[in-house]
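Please treat every number below as a calculation from the coordinates, not as lab data. Everything quoted here is computed from the prediction, not taken from an experiment. Here Cβ is always computed from backbone atoms with ideal geometry, including for glycine, and neighbour counts include all displayed protein chains.
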Amino acid sequence: MILSGITDKAALRMARSRNRAVIGRKTGSIIDIYMCKGQCIARLWPVDQLYEPTPQYLRTHEAVIREREIEKWLSLDDVLALKYRAVQSRYNWWEVLGRIHLSREFHSPGTTCGTRLVHIRRLASTWEVRMQHDRPCFARILLLGKKDDNKVGHYWIDNKHREAGLENTLRGQEVINPSHTIDRAVWVSETKTSIFVFSTGVFAEYTRFIIQTFDIETHETMTGESGLYMLTADKPWYLECPIALG
């Protein structure tokens with residue numbers, strides 16, 4: 001459709017705005033307005049409707065719903081831990097969350113487990129870390145070294161990624177080398193709460209850690225991970241983290 005009866009400036013203004021609003025339109029389709037050879041063209045883009053979605057589409061949809069459920073269940077502490085884990089990577093914190101959960105939920109629906117921080121305490125000569133899970137699970141803590149250990153334990157390296165038909169080398173491969181792995185010391189509340197207790201003499205302040213969760217029966221199949229936290233008596237714990245809080 002070629003629009004007529006408007007000035008060149010008005011046509012150009014419409015072309016630049018690329019009006020894609022669908023509110024109030026009976027069909028719900030997109031109208032795309034642009035300039036071509038001095039004329040203002042309006043194209044109607046029908047919106048596809050999936051009457052018979054494929055099983056892969058449905059599984060992807062369910063995986064995204066589950067990932068959003070976990071995201072809404074997390075607290076500010078856990079979001080900042082994901083930001084801390086994403087430092088120096090090509091990902092934002094919600095993309096790190098997606099990397100942790102989406103593929104796992106797609107291939108094994110109903111198995112993923114979300115984890116959030118309850119508290120980190122320093123009690124005399126011990127650290128106590130309490131975590132809560134939204135599903136029963138077996139939990140393990142990975143201790144990764146101090147934050148100023150020059151990337152020891154956790155960092156991101158360059159890797160090839162195919163995006164938009166191009167192959168780019170981007171900082172998108174995660175490296176996790178824990179110095180110690182500790183199973184939970186206590187579980188309570190039907191295995192939905194995990195408590196880790198270990199010595200302050202062995203693990204100094206500002207040691208970083210990640211919580212991993214596994215299938216409650218086998219203790220082998222991983223069901224989820226947390227962001228990157230630090231052992232500290234600071235309130236809140238993330239005061240010394242190199243992350244933007246905005």
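Some observations on this one:
- In terms of distances greater than 27 angstrom between alpha carbons, the cross-link table entries K83/K192; K83/K151; K151/K192; K72/K235 yield K151/K192.
- Segment 123-246 - charge dipole about Cα centre, Lys and Arg +1 at Cβ, Asp and Glu -1, debye rounded to 20: 180
- For the pair segment 49-78 / segment 98-113, the C-alpha centres are spaced 10 Å from each other.
- Nonlocal amide H pairs with S179, under 5 Å, H built at 1.01 Å: L143, L144, G145
- Neighbours of H219 by Cβ distance under 12 Å: Lys/Arg scored +1, Asp/Glu scored -1, total -2.
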